[in-house]
Every structure is written in C-alpha cells, then in structure tokens.
Amino acid sequence: MRRLLLLALLCAACTKDRAAPDSTTPQVAEPHGPDPLLLRVPRGGGTGHVYLYPKLDSAVWTVDEIPPLDHVLAFDQDAGTIAYVDAKGFPGRLDLRETDVAKASRAKLTSLSSANGSDIYGINSRGEIVRLNPTGGDWHFKPPVPARSVFAQPNGELIVTANKGAHTLVWRVRPPDDIVQDSAVLPLSGRGVRTQIGDRIYFAVDSGLVGVKAKDLSAVGAVQLESRVRALAPTPSGDRLYVATAADSGISIVDRYSGRVEMGVVLPAPPADLRMDALGRYLLARFPKTDSAWVIAIGTNRLVGAVPTRWETDLPVITPDGRLALLEAKDVTFVDPEKLDVQSTVAGGAKDFWYFFAWDGFRPRPQGLDQPVTFPGDSVPTDSLAASSTAPTTPGSPTTPGGTDIATAGIPPGAKPPSTGFTVSFAALLTEDKAQQLANAIKVAGNSAHVVSTNTAGSPIFRVVMGPFATKEEAEKIGRASRREYWIYEGSP
C-alpha cells in the first residue's frame with residue numbers, strides 16, 4: 001500500500017512538472033484549420049480588402065487597382081493566389097502573399113477554367129487550349145477539332161470537348177503532354193458541369209443528361225427528362241445531381257449510384273438557375289422573373305421559403321457559418337436559412353463583389369520560427385541561417401580576454417540577453433530581383449523596406465524586411481500601417 005501511494009505521488013509530481021507553463025512565456029491557443037476569410041472588391045473595381053470573417057470592421061489584407069470582377073475560378077491554398085475572370089472576360093490572379101494583381105492574358109479566351117487557382121486554362125480564337133502559368137510555363141494544345149469547352153481537373157488533367165456534326169467529342173489530356181489519353185463520343189450536347197471532386201462530368205442533351213467518368217471517359221448511364229435542361233447543380237460529394245428543366249416547375253434529383261430520377265422539390269414556377277451551397281447544406285433556386293430566390297434544405301429536400309434578393313455571380317450565397325447572404329439594392333443582409341429572419345445588415349455592402357474562402361496564410365508567423373537554433377551542449381547560441389560553425393562570435397564583435405562576447409558578458413547563466421530590437425518581415429522569396437521590387441514598393445512612415453539574404457539548406461533566401469525597431473509595439477505599428485501581410489521577430493535582420 002505504501003509503495004502504491006509513493007508511485008501515485010511521483011506520477012502527480014511528474015504530471016505537474018509537464019503541465020507547468022513557463023512563467024516568462026505567454027500561453028496562446030493556436031488556431032486549428034484554415035481561417036474563414038472574405039474578399040470584398042468594389043463592383044466597379046478599385047481597392048480590395050480581405051476580412052477575417054465574420055469580423056468585417058477591420059481588414060487583414062488590402063490591395064489597390066483590382067479590376068471589376070465577374071467571378072472567381074479557384075483559390076490556390078499553397079501559393080495564396082485567387083484566379084478570377086474580370087468584367088471584360090480577361091483572366092487574372094490576386095497574389096495574397098505578395099499583395100499583387102496581375103492580368104494572366106491579354107488575348108481574349110473562352111471557357112476559362114482553373115482547378116488550383118494558379119494554372120488557368122482557356123480556348124483561343126483558333127480553338128486551341130492555352131494554359132496560363134504564373135511562372136511563365138504556358139502550354140498550347142491543338143485538338144483534332146477546334147475545342148468548345150475545357151474542364152480543369154483537380155489531378156492536373158483536362159477534359160476537352162468539341163462539337164462535330166451530330167456528336168460531341170470528348171478528350172482527356174494531361175499537360176504538358178499533347179497526347180490524347182482517352183476519348184469518347186457523345187450525342188450533341190450543350191452546357192456541362194463537373195462534380196466538385198472532379199470524378200464525373202455531366203452534359204445536357206435534348207431532354208436529358210449524359211455523363212462520363214473523368215478517369216477514363218467511360219460512359220455514365222443517360223438520364224431521360226421531360227424537357228430541356230435549364231440548370232444543373234451537383235452536391236459537393238457528387239452523389240446527387242439537382243436538375244431544373246425549362247417546362248417543369250419541380251427540381252429533379254438524379255442519384256449517381258442507382259441512376260434513378262426523383263422529383264425532389266416542387267416549386268411554384270420553373271427556376272431560372274440553381275446554386276449549391278459549398279458544404280451541401282442548402283440549394284438556392286432563382287425566381288424566373290423577379291429578384292427573389294427559393295431556399296431548399298438539402299438534407300430533407302424541403303422548400304424552406306422564398307427571400308428577396310438580386311442574383312449575381314457572387315450573391316446570394318450560404319456563408320461558412322451557415323447563414324444566407326442576400327443582395328439588396330444597397331446593402332447585404334444575413335438571414336437564418338431556416339427561419340429566414342434577418343440577423344444583421346452590412347450597409348453599402350451591395351456595391352462590392354463578395355468571395356468567401358478559407359486560408360491560414362494571414363496568421364502571424366510563430367516567433368520561434370525566426371529564433372536561432374540551439375542544440376544540447378552548445379555554449380554559444382548560433383543562428384543556423386547565418387552563423388559560421390567555425391566562428392564562435394559574430395565577426396567584428398569585441399570580446400573579453402577569455403573569449404566572451406562583451407555584449408553578453410556579466411549576464412548570469414540562463415538569463416536572456418538584452419534584446420537587439422524587433423524586425424518586421426514582409427516576405428521571403430527565392431529571387432533577389434523580385435524581392436527588391438517588392439521592397440521598393442514598401443514605404444511606411446518614412447521607413448523603407450530592404451532586402452537581406454540568408455541561406456537555407458544550401459538555397460539562397462531573400463527576405464524583405466524593415467527595422468529593427470526598439471520595441472515590439474513600434475514594429476507592430478509599422479506592420480499594421482503597411483497594410484500588408486507581415487510578421488514580427490526579435491533581433492536584427
């Protein structure tokens with residue numbers, strides 16, 4: 001019994017030691033998963049802002065000279081770029097990391113498509129497929145017949161279609177190869193839509209649907225409907241396809257596994273368009289003549305009711321937190337999609353284009369990432385990016401006769417040396433020219449950014465920084481005033 005009691009006391013002591021926080025280090029809960037964000041750009045073009053949704057009172061990112069946007073193609077989580085199509089039909093990109101706006105092509109392209117937010121595909125006037133890459137790796141593909149549409153796939157492949165006589169030809173291509181991997185022949189079809197996960201593509205034909213599997217273009221069973229297809233909206237998982245026809249006031253539901261067609265929701269009139277919630281919670285159906293929309297609960301295929309709203313490429317939409325954002329004449333209102341009562345209003349919000357997305361790229365950089373790396377047994381902390389393993393002190397630093405750095409002499413063992421200031425870092429790039437170009441564009445309160453070079457794993461890294469500043473508060477003030485993505489680390493550049 002005495003032994004068991006002793007073991008219990010020891011375990012409690014060990015647990016206490018592990019759980020005891022360092023009194024000198026504030027304990028901050030790290031967020032998990034990407035942050036919900038909202039991009040707002042004036043519909044006539046101008047300065048765009050990104051907000052940490054649902055906090056719309058202060059922007060975390062700002063950039064000027066964004067053109068009027070028509071719609072967003074895709075978002076690249078790794079590169080932090082939003083591929084868009086402007087109001088004139090030209091593709092472009094918003095670079096959130098470098099705070100840059102760039103037109104991707106000066107030639108007019110049709111059937112613009114992107115699956116990753118970086119590579120943008122389109123069809124030129126000769127019916128050729130063009131890939132626009134941000135690093136300049138453009139690619140052209142001339143199909144056997146001038147292309148009509150292109151569908152960029154999440155796995156990097158392309159599905160290309162063309163019409164020839166009474167048939168629609170379909171090809172599968174993997175850039176940068178210009179070899180057709182697979183092909184299929186379908187009845188003459190109209191518009192097409194791919195599932196969100198990219199495993200199937202459905203095409204509207206006369207009074208029905210046909211589909212193919214993206215991996216090999218094998219046929220999916222044809223679906224016969226009563227009249228011409230007007231709108232298609234697959235669920236995010238692709239298990240069901242909601243179809244609106246020109247003559248039927250009901251929305252048909254196609255089950256991808258059984259192929260059966262069911263009448264899901266009966267509406268007062270045939271809807272003009274359908275819009276699926278990105279998370280598959282609700283379906284929005286556009287009124288055919290007035291500025292209103294029906295709200296349908298996907299889980300039960302239940303018509304919740306109707307709401308007044310204009311219908312644009314961005315709004316109405318279901319927000320990340322499950323509210324319904326409606327577009328009024330001047331304002332944007334948020335309503336409960338079940339009760340349809342107004343919860344909040346953004347005055348003047350209708351003048352902006354809205355795009356909701358998720359990303360973790362605006363989080364402050366953890367301070368520990370910019371601290372020198374130390375190993376057990378090291379007597380002098382060294383910077384793994386800049387310090388030489390053969391030099392015990394910084395070149396030019398005065399030392400005591402015993403070899404101790406004067407800057408740290410007299411500091412008790414284990415005590416933190418005096419701070420050398422705080423630096424604001426804006427970017428870390430692989431090319432010096434691009435880093436210098438960014439540095440030249442950053443001027444805050446009489447301070448100009450500059451470039452410092454380091455070496456990581458044998459590769460040169462060029463950091464765009466400003467400072468150091470005497471206090472962290474002063475560095476934070478400069479970072480906020482820059483209206484750019486930034487992080488603060490202690491020490492000189």
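The values are calculated or read from the model by the stated rules, or taken from the named source; none is laboratory data. In this text the structure is predicted, and so the values were computed from the model without any measurement. Cβ coordinates were reconstructed from backbone atoms using ideal geometry, including for glycine residues, and neighbour counts include every protein chain displayed.
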Exercise. Name the strands (runs of 3 or more DSSP E) wholly inside the range 267-316 in which the number of residues that are at pLDDT 95 or above, out of contact with any Leu (no Cβ under 9 Å at 6 or more places or on another chain) and surrounded by 14 or more Cβ atoms within 10 Å (Cβ to Cβ) is 1 or more.
Key: 292-297
Quiz item: From the set of residues in the range 429-446 that are among the aliphatic types (A, V, I, L, M) and part of a loop (DSSP other than H, G, I, E, B), which is nearest to THR135 (Cα to Cα)?
Solution: LEU430
Self-check item: Residue check, GLY117 surrounded by 21 or more Cβ atoms within 10 Å (Cβ to Cβ) and part of a strand (DSSP E or B)
Solution: no
Practice problem: Would you check if there is a residue in the range 120-141 being more than 22 Å from the chain's Cα centre (by Cα), in contact (Cβ under 8 Å) with a residue 40 or more places away in the chain and not assigned by TED's automatic domain parsing to the domain that holds TRP487? | Solution: yes
Quiz prompt | Subset of the range 51-66 [surrounded by 15 or more Cβ atoms within 10 Å (Cβ to Cβ) and either hydroxyl-bearing (Ser, Thr, Tyr) or assigned to a loop (DSSP other than H, G, I, E, B) (or both)] | solution = TYR51, TYR53, LEU56
Self-check item: GLY48 vs. criteria assigned to a strand (DSSP E or B), modelled with pLDDT of 90 or more and of a type in the set (Gly, Ala, Ser)
Solution: yes
Practice problem: Go over the candidates VAL229, VAL150, VAL212 one by one and state the one that is buried (at least 21 other Cβ atoms within 10 Å of the Cβ), of a type in the set (A, V, I, L, M, F, W, C) and modelled with pLDDT of 95 or more. | Solution: VAL150
Practice problem: Considering every residue within the range 67-82, establish whether at least one is without any contact (Cβ under 8 Å) to a residue 24 or more places away in the chain, not in a loop (DSSP other than H, G, I, E, B) and not aliphatic (A, V, I, L, M). | Solution: no
Quiz item: Looking only at residues in the range 137-147 that are surrounded by 15 or more Cβ atoms within 10 Å (Cβ to Cβ) and more than 15 Å from HIS167 (Cβ to Cβ), which one is modelled with the lowest pLDDT?
Solution: TRP139
Self-check item: Close pairs from the range 180-191: first more than 15 Å from PRO143 (Cβ to Cβ), partner surrounded by 13 or more Cβ atoms within 10 Å (Cβ to Cβ) and aromatic (Phe, Trp, Tyr), Cβ under 6 Å, at least 6 apart
Solution: SER189/PHE203
Quiz prompt | Every residue from the range 447-493 that is among the aromatic types (Phe, Trp, Tyr), within 10 Å of VAL424 (Cα to Cα) and either part of a strand (DSSP E or B) or modelled with pLDDT of 80 or more (or both) | solution = PHE469, TRP487, TYR489
Self-check item: Members of the range 437-493 found to be of a type in the set (Asp, Glu) and touching a residue at least 12 places away in the same chain (Cβ under 8 Å), listed by number
Solution: GLU474, GLU476, GLU485, GLU490
